[in-house]
1. Using modelled backbone amide H atoms (1.01 Å from N, in-plane), which distant-in-sequence or interchain residues come within less than 5 Å of C9's amide H?
2. Fewest first, what order do T48, T37 take by the number of other Cβ atoms within 10 Å?
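Nothing in this text is a laboratory measurement; each read-out follows from the coordinates by a stated rule. No experiment lies behind these values; they were computed from the predicted model shown. All Cβ positions, glycine included, derive from the backbone under ideal geometry; neighbour counts span all protein chains shown.
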Amino acid sequence: MNLNHIPRCDIVIEQSTASLHLVVSGCFTIEGCGQLTDILQSNLLVQTASEVLIDLREVEHLEPVALAALELHLLQHDSSESSLRVGVETPDFPMSCEEAASGPLSEV
């Protein structure tokens, strides 16, 4: 078991006049997905944006169920009447938390 694995998700919000950029790092679990969708539901942040970019490329570990839940949330809240565009950037090879926890310890 990897003792350095900490299941924590950090979300940094970068907002400009027309866009909202959410940079997620750490361990993106189903709990972290809930935090992210809570931010997306917040009218205070999204109401002025015409574009939202969710950047998961800095995530060290990604639970497939969390990514599926995020995609489902976005599909359920996609409105053809809305001009809001939402994009998601994912890492090339996401690793689940189980894979990270059972991964090799640092080499001696």
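1. Answer set, sorted by chain and number: C27.
2. Values: T48 13, T37 17.
Ranking T48, T37 by Cβ neighbours within 10 Å, fewest first, gives T48, T37.
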